[in-house]
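Readers should treat all values here as calculations from the given coordinates under stated rules, not as data from a laboratory. Values in this document were obtained by computation on a predicted structure and should not be read as measured data. FYI the Cβ positions are ideal-geometry reconstructions off the backbone, even for glycines, and counts take in every protein chain you see.
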Amino acid sequence: MRSLWLLLSLLLCLPSIALAQEDDEDELLDEEEEEDFDPDVDDRELYESFKAELAGDPASEEIDSWNRYLEAYPKSQFRLEIERRIAALEDTAHAELLEEEAREAQRAKERKDAKRSDLYVPEPALMGVNPNPQRRLDAQMLWGFDNVINYDINFEWAFLRKLSAWGGLRHVGAGGGDLGLTVQLGAKYALIKDVRTGIVLSGYLAVQPGYSQADNFLFTVTPGVGFAFAKTERFQLTTTLQMDLQLTAFRTVVWWDIQAVINPNKVLGIYIESKQKHGLFTTSLSSTTEYLAFYQAGVGVKIRPNETIELTVGANIPYFWRVWKDYKYVGIHGGVVFNLPGKPKK
C-alpha cells in the first residue's frame, strides 16, 4: 500500500517537473539570443533597403552615405562589397570632376571668345551710320525723282574691338548744277558690344567741313548714338539718332534712322527702313521759327555672297514732309560694303 502511494505521488509530480524544465530551457534560449545580438552588425534586409535608397544619387553623395553606413555598422557583413562599391564610385566621382572642369574651361573659353568676337550688323541702306565699330569700306548712293543725288563713300578702321575711326566723302542735295562736297572725319566707341546678347550700343562724333552751292562753306559737328540688336542670323535691328550742328549757318538738324532686316538664309536678306529729318529754322525775312521735316521709307534686299561683301538695292518714297521736300514720288538706292580682313586684338 505504501509503495502504491509513492508511485501515485511520483506520477502526479511529473508534469510539474516537465514544465519547470521547459521554463529553464526557454530562459537559456533567450539568454543565448541576447548574447548573439550585436548593434554593430547589419543584416541583408537592412543592407538591401539602404542600397535601394541610394539609387540615382550622384557618386560623391553615395560615397558619403556608404561611409556613414559603415560608421553605423562597423561589423557589417557586407563591408567588402561596400568598400568595392566606394572604390568604384571614387573613380566615377573623379571622372565627373574632370568632366566638369573641362566644361568650365570650355565655358571660360567661350566667354573669352565672346568678348573678342564680332557681330554682323547690316549697313543702313538710306545712308546712315552703322552702330558697330568695324573695319570696312562702303559706298552708298541714293537718287530721288527728279534731280536729287546723294552719295556717301567711307573708310572705317577699328583700332580696338569697340573703337574705330572713319573718314569719307559725302554729297547731299540736287544733282546737275548743284556742286558740293562734304568731308567726314569721325570716331566711334561702343559702350556695349556683347555677342551673347547681340547688343551694340555706341556713341560717335564727326566733323564735316564742306561746300555747297546753296550754302557756300559749311562746317558741321555731328554727335550721335547708335543701337543694334543682332543676336540671331535671321533678324537684325539697327537705329541711330544724330544731330547736325551747322556752326557756319547756326542751324540744327536731327536725323533718326531705323532699319529691320529679315534673312531667310545666309545669302539673302529683306529689309525695311525709315529715315526722318527734323529741323527748326528761323527765316531771314521774319523772326518766326518754323518746323521743317522730311520722312522717307525704303524697302529692298541685301545680298551677302560671302562674309566679306554686302550688296544692297532697293526703292524708297517720301511719306511726310513739311517745307522740306528733298525729292518727289519715288527714289532708288544701292550700296556695297567690303568688310576688311583682320580683327583688333581687344
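May I ask you to evaluate 6.51 cos²θ - 1.76 cosθ + 1.60, the Karplus curve with θ = phi - 60°, for each residue of region 142-147 and list the ³J(HN,Hα) values in order in whole Hz, giving x for glycine and proline?
9, 10, x, 5, 10, 8
Using a simple spin-label model with points 7 Å from Cα along the Cα→Cβ vector, what separation in nm is obtained for ASN147 and GLU233?
Output for this residue pair reads 4.8 nm.
Would you calculate the separation in nanometres between label points at HIS94 and GLU45, each defined as 7 Å from the Cα along the Cα-to-beta-carbon direction?
3.9 nm
So between LYS328 and PHE219, what do we pick up on full extension, going 0.36 nm a residue minus the alpha carbon distance?
Length gained, LYS328 through PHE219: 36.4 nm.
Below 20 Å, Cα to Cα, which lysines can LYS75 reach? Residues fewer than 8 away in the same chain don't count.
LYS51
Ranked by Cβ crowding within 10 angstrom, fewest neighbours first, how are HIS278, HIS94, HIS333 ordered?
HIS94, HIS278, HIS333
Which FRET efficiency value, to the nearest 0.05, do you get for LYS345 and MET243 by plugging their Cβ-Cβ distance into 1/(1 + (r/R0)^6) with R0 = 41 Å?
The value I calculate is 0.80.
Listed here are the pairs LYS231/LYS328; LYS277/LYS345; LYS266/LYS325; LYS109/LYS193; LYS275/LYS343; LYS162/LYS231; which of them are more than 27 Å apart at the Cα?
In this structure, LYS231/LYS328; LYS277/LYS345; LYS266/LYS325; LYS275/LYS343 exceed 27 Å between Cα atoms.
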